[in-house]
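Below is one structure; the comments refer to it alone.
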Amino acid sequence: GDSRTVDTKLALGASVPSNVEFIARGSQGLSWFKSTGYRQLLRLVASRPRSEKKAVIINLGVNDLNNSSAYVTYMKKVAVKIEVIKWKTRYRNYNELAKKYNCKMYYLSVNPVNSAMVKNAGAIYRTEAQVAAFNKVIYRKLCSGKNKSFTYINSCTNLQMKGWISNRHGAGIYDGLHYSNATYLRIFDYCMRYLNR
């Protein structure tokens with residue numbers, strides 16, 4: 001993930017579950033995932049026991065809201081061809097990865113922004129409409145239909161219905177993009193409850 005994922009880990013602090021790992025870097029998007037995040041993910045998945053059920057949640061997009069088509073193209077490749085670096089195998093079919101590593105792929109919706117706050121903070125402008133459009137493309141082209149590549153976790157709608165706070169770590173940073181610790185914990189809890197269904 002991006003800074004929102006980094007901040008979720010920070011909000012959890014010492015209570016990060018022992019079976020949860022975070023691969024994330026602030027202000028990043030698809031180019032970082034291609035060059036760095038993906039390789040880290042593969043090493044981590046390959047290092048875990050086969051008998052252990054694994055869930056991979058992708059939480060990227062808020063820094064690339066106008067790039068949804070590139071996400072769809074690349075993420076489909078991720079779901080179809082997984083390069084297993086540890087074994088120096090060129091490519092593995094995703095179904096083989098699922099069988100060999102007991103792994104299931106999820107895509108977390110890009111969560112809400114407040115465009116007025118973003119503009120006021122002088123950050124790169126992002127709008128509610130851009131978030132909705134990005135999520136629509138991700139859901140329709142990656143997470144629906146019988147041949148879907150990912151399972152969609154729609155925490156965006158949940159936050160829009162139940163409310164969220166932009167106050168990064170309670171430090172008075174109201175940028176309309178980053179959340180309070182309580183909001184990050186709610187997102188994490190929503191994901192964990194979704195995985196445990």
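The values are calculated or read from the model by the stated rules, or taken from the named source; none is laboratory data. Quick caveat: nothing in here was measured; it's all calculated off a predicted structure. Here Cβ is always computed from backbone atoms with ideal geometry, including for glycine, and neighbour counts include all displayed protein chains. All accessible areas refer to the heavy atoms of the entire protein, side chains included, with ligands and DNA or RNA removed. Shrake-Rupley method; radii C 1.70, N 1.55, O 1.52, S 1.80 Å.
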What ³J(HN,Hα) values, in whole Hz, does the Karplus curve 6.51 cos²θ - 1.76 cosθ + 1.60 give for the range 134-139 when θ = phi - 60°, with x put for Gly and Pro? 4, 4, 4, 5, 4, 5
With θ set to phi - 60° and the Karplus curve 6.51 cos²θ - 1.76 cosθ + 1.60, what are the ³J(HN,Hα) couplings of the range 3-16 in order, to the nearest whole Hz, using x for Gly and Pro? 4, 5, 6, 4, 5, 5, 4, 5, 5, 5, x, 5, 8, 4
Heavy atoms only, 1.4 Å probe, whole protein assembly: order MET117, MET161 by accessible area, highest first. MET161, MET117
Please list, in chain and number order, the residues 5+ apart from ALA55 or on another chain whose amide H is under 5 Å from its amide H, with Hs placed from the backbone. LYS104
So which of LYS119/LYS141; LYS104/LYS136; LYS53/LYS77; LYS53/LYS76; LYS54/LYS148; LYS76/LYS162 end up more than 28 Å apart, counting from Cα to Cα? LYS119/LYS141; LYS76/LYS162
Over the chain, with a Gaussian network built from C-alpha contacts below 10 Å, which listed residue (ALA11, ALA132, ALA116) shows the highest mean-square fluctuation? ALA116
Can you match Cα Rg over 2.2 N^0.38 Å to one of these, (1) 1.07; (2) 1.02; (3) 1.17, based on a calculation from the structure here? (2)
Classified through the alpha carbon gyration tensor (a ≥ b ≥ c as square roots of its eigenvalues; rounded if a/c is under 1.5, else prolate when a/b is larger than b/c, else oblate), the range 2-78 comes out oblate
Of LYS146, LYS54, LYS136, which has the largest mean-square fluctuation in a 10 Å C-alpha GNM of the chain? LYS146
Portion, in percent, of the accessible area of the chain that falls on carbon or sulfur, probe 1.4 Å: 49
Check: the chain dipole with +1 on Lys, Arg Cβ and -1 on Asp, Glu Cβ, in debye: 1060
Among TRP32, TRP164, what's the order by accessible area (1.4 angstrom probe), most exposed first? TRP164, TRP32
Roughly how many Å² is the accessible area per residue of the chain, as a whole number, for a 1.4 Å probe? 54
